[in-house]
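This report refers to the structure that appears directly beneath it.
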Amino acid sequence: MRSTIIAIGVFLLWISIKLWYTEAVIFKLTNAVCESYNESWFVIHQCRLRAVNRVKITFNFNGIVLHPANNISVNGQIFKKANGYKPWVLKASIDVCRFLKKTYNPFAILVFNLFKEFTNFNHSCPFMGPQIVDGFYLRPELLRLPFPSGEYLFEITWLFDKKPQFATNVYFVFTEDL
């Protein structure tokens, strides 16, 4: 009987800490800027944020790949704001076609797990037609890295056949108020 009460007490303590921690974290999008470098390959129709409430801001993206793209790579980097945006710890180049067959990069796995349920960008190469991210919002429970509080820029450059086609720059705030 006593071990059951202790187990229930530990479980309730764990739940209260978990709820307290997730409420004490602010993790929200602040701006999104998308630019197509080659509109004969990729056209961006929508790249915007929409405020649902004070703490939930969704990202909506709609673009069309006009020709089949078989050799897609991504250069991603996170910048932290400190007297301007300075390069931070995370920087990666990913072969998207290889990654979608078998996930191999921990940074890319983290980012992909954040937005995979909000997109149709989950099939193997070649890519053609509409590429959509609809209603994406940041969730602190999926972020498994210890981030210091601050403002960040996540810069992604998409390359088709090793030529830059478009860029998506997403600005976000991460604040821990523990």
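FYI, it's all coordinate maths here, none of it is from the lab. All values reported here derive from a predicted model rather than from experimental measurement. A quick note on method: Cβ atoms are made from the backbone with ideal geometry, for glycine too, and the neighbour counts reach across all protein chains shown.
Observations on the structure shown:
- Built amide H within the under 5 Å cut-off of residue 56, gap 5+: none
- A simple charge model with +1 on the Cβ of Lys and Arg, -1 on the Cβ of Asp and Glu and nothing else charged puts the dipole of the range 67-128 at about 240 debye relative to its Cα centre.
- Reachable aspartates and glutamates, given that their alpha-carbon falls under 18 Å from the alpha-carbon of residue 102 and they are not under 8 places away in the same chain: 117
- The protection proxy used here, the mean number of other Cβ atoms lying within 10 Å of each residue, ranks peptides 150-161, 125-136, 46-57 as follows, highest first: 150-161, 125-136, 46-57.
- Straight-line cross-link reach from residue 116 at under 16 Å between alpha-carbon atoms covers these aspartates and glutamates, not counting any fewer than eight positions away in the same chain: 134, 141.
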